[in-house]
Amino acid sequence: MTVIRLYDKPECPFCWKIRLALFEQGLTVEHIDSLAPETRETWQSLTPRKTVPVLVNGDIVIYESNVILEYLNDLSETLLPEDPTQRVTARLINSYSDGVIGAGLREVIFEKRGNAEADRDHKRIEQGIAQFETALDYLSGQLGGKTFFADSYSLPECALTARFGLAEAYGVEIPDRFSNLRSWFERMKSRPSYRATAPQHLLS
Ligand SMILES: N[C@@H](CCC(=O)N[C@@H](CS)C(=O)NCC(=O)O)C(=O)O
């Protein structure tokens, strides 16, 4: 049987959501660390975008995390709900996670990562946190009192678990006023997929 290979980077949120999707689907995968100098040339030759994640399954090479997610769903039909309206909801929240939730967090993480406290641009960090918190309003409204963003565990759970996991690791809290999002994140963290896929150096 062909082994699925994932060119991966531990702290990449796009990679983490793919790791979650694979684990939740029960798929076995060989993880290849794209940061290792000996693998760089290989994975870069596989993608015109020169980004990770890249998934290889036999002859199929897929870059772009959302195309990978759609492909994984095509394999097992477990990452998107059945109902067309629910599928749209799942795709929209996934896209919002990439573009809007990711934008504020990126500022905080890029500024904190590798910079000593004294050397950080605190204004950039504050603005990133404010942007993140503003973006949570919409998410909280979309989730309401539901268990998942759509009617089952789906793309938004993969995408947002990775984003919130990175946020937490870099000291960015979900404010108390978003109690539904906080409970949702606790539920996601209690799933076996969380510890199995989180960047091991960020786990406490
Ligand atoms: N739209 C792409 C974005 C992927 C992306 O930006 N990956 C970053 C890491 S988080 C990357 O590979 N950057 C180049 C590098 O690390 O060398 C996707 O969804 O797959």
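The values are calculated or read from the model by the stated rules, or taken from the named source; none is laboratory data. Treat the numbers as computed from the prediction; the structure is a model and nothing was measured. Here the Cβ is made from the backbone with ideal geometry for all residues, glycine too, and neighbour counts use every protein chain on show.
Observations
- Some residue of segment 117-126 being assigned to a loop (DSSP other than H, G, I, E, B) and in contact with a helix residue (DSSP H, G or I) (Cβ under 8 Å, 6 or more places away or on another chain): yes
Here's the yes/no breakdown for (1) part of a loop (DSSP other than H, G, I, E, B); (2) acidic (Asp, Glu); (3) at pLDDT 95 or above:
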{"site": "PHE132", "(1), (2), (3)": "no, no, yes"}
{"site": "GLN142", "(1), (2), (3)": "no, no, yes"}
{"site": "LYS146", "(1), (2), (3)": "yes, no, yes"}
{"site": "PHE149", "(1), (2), (3)": "yes, no, yes"}
{"site": "GLU157", "(1), (2), (3)": "no, yes, yes"}
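- Restricting segment 166-180 to residues that are more than 17 Å from the chain's Cα centre (by Cα) and assigned to a helix (DSSP H, G or I) leaves a set whose member that is surrounded by the fewest Cβ atoms within 10 Å (Cβ to Cβ) is SER179.
- Residues of segment 41-59 that are free of Cβ contacts under 8 Å to residues at least 12 places away in the same chain and under 19 Å from the mean Cα position of the chain (by Cα): LYS50 alone.
- Inter-residue pairs, beta-carbon under 6 Å, first under 17 Å from THR28 (Cα atoms) and in segment 60-88, second more than 16 Å from the ligand (Cβ to nearest atom), 6+ apart: ASN73/LEU80; SER76/GLN25; THR78/GLN25; LEU79/SER154
- Top-ranked residue of segment 44-66 - restricted to ones that are among the hydrophobic types (A, V, I, L, M, F, W, C) and under 16 Å from ARG19 (Cβ atoms), ranked as farthest from the ligand (Cβ to nearest atom): VAL56
- Contacts under 6 angstrom Cβ, first residue in segment 24-40 being assigned by TED's automatic domain parsing to the domain that holds PRO53, partner surrounded by 10 or more Cβ atoms within 10 Å (Cβ to Cβ) and aromatic (Phe, Trp, Tyr), 6 or more apart: ILE32/TYR7; SER34/TYR7; SER34/TRP43
- Residue within segment 181-199 that is surrounded by 15 or more Cβ atoms within 10 Å (Cβ to Cβ), farther than 22 Å from ASN73 by Cα, of a type in the set (Val, Ile, Thr) and touching a residue at least 60 places away in the same chain (Cβ under 8 Å) present: no
- Single residue of GLY58, GLY26 found to be under 18 Å from ARG195 (Cα atoms) and out of contact with any helix residue (DSSP H, G or I) (no Cβ under 8 Å at 6 or more places or on another chain): GLY26
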